[in-house]
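For reference, the structure discussed in these notes is given below.
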Amino acid sequence: MKKIISTDKAPQAIGPYSQAIEVNGIVYTSGVIPVVPSTGVIPEGIEAQADQAIGNLCELLKASGTDAEKVIKTTVFIKNMDDFSKVNEIYSKYFTKDCPARSCVEVARLPKDVLIEIEAIAEK
């Protein structure tokens, strides 16, 4: 049975999808972008956007009853692969040990023209 996860501490879905779904003790998040949930503001620059996006992801994981330490896999979408090392620097502040598997791909465009989006799969 699937459980729909929703929180106002992460950006709301901007389409016909759920923020996250839990099935059999595994949480699957949708892509999370760097929108400040309380204001709708998008920070400027890749470092600020990476910090906001991953922070939003952590809030979504928390609402799902899990956290960054239980993440199995992430997928990171970035607008410019030249920002890879900057994203890694921010990412490593949230994922500090037993890091999850990860894919990182450069994409042409992301929702709201942000510079980064991240999704995760985590155990509870």
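Here Val105 does not fit the description of being crowded, with 19+ Cβ neighbours inside 10 Å and either touching a residue at least 24 places away in the same chain (Cβ under 8 Å) or at negative phi (or both).
Quick one: which of Thr66, Thr96, Thr29, Thr74 is touching a Pro at 6+ places or on another chain (Cβ under 9 Å) and hydroxyl-bearing (Ser, Thr, Tyr)?
On the way: Thr66 fails: touching a Pro at 6+ places or on another chain (Cβ under 9 Å); Thr96 fails: touching a Pro at 6+ places or on another chain (Cβ under 9 Å); Thr29 fails: touching a Pro at 6+ places or on another chain (Cβ under 9 Å).
Selected residue: Thr74, the only one of Thr66, Thr96, Thr29, Thr74 that is touching a Pro at 6+ places or on another chain (Cβ under 9 Å) and hydroxyl-bearing (Ser, Thr, Tyr).
Give the residue that is farthest from Leu61 (Cα to Cα), with candidates limited to residues of the range 100-124 that are of a type in the set (A, V, I, L, M) and outside any loop (DSSP other than H, G, I, E, B). Applying the filter and picking the extreme gives Val105.
Within the range 37-47, track down each residue that is open to solvent by 40 Å² or more (accessible area, probe 1.4 Å), free of Cβ contacts under 8 Å to residues at least 60 places away in the same chain and over 16 Å from Phe95 (Cα atoms).
Keep residues of the range 37-47 that are open to solvent by 40 Å² or more (accessible area, probe 1.4 Å), which gives 37-42, 44, 47.
Within this subset, residues satisfying the condition of being free of Cβ contacts under 8 Å to residues at least 60 places away in the same chain are 37-41, 44, 47.
Listed by number, the residues that qualify are Pro37, Ser38, Thr39, Gly40, Val41, Glu44.
The test for being over 17 Å from Glu123 (Cα atoms), among the aliphatic types (A, V, I, L, M) and in contact with a Leu (Cβ under 8 Å, 6 or more places away or on another chain) does not hold for Ile42. Just for the range 78-93: of the residues that are open to solvent by 50 Å² or more (accessible area, probe 1.4 Å) and in contact with a Leu (Cβ under 8 Å, 6 or more places away or on another chain), which one is nearest to Ser30 (Cα to Cα)? If we take residues in the range 78-93 being open to solvent by 50 Å² or more (accessible area, probe 1.4 Å) and in contact with a Leu (Cβ under 8 Å, 6 or more places away or on another chain), then Lys79 is nearest to Ser30 (Cα to Cα).
The values are calculated or read from the model by the stated rules, or taken from the named source; none is laboratory data. This structure is a prediction, so every number in the text was calculated from the model and none was measured. All Cβ positions, even for glycine, are placed from backbone atoms using ideal geometry, and neighbour counts span all protein chains on display. The area values use the complete protein model at the heavy-atom level, side chains included, leaving out ligands, DNA and RNA. Shrake-Rupley method; radii C 1.70, N 1.55, O 1.52, S 1.80 Å.
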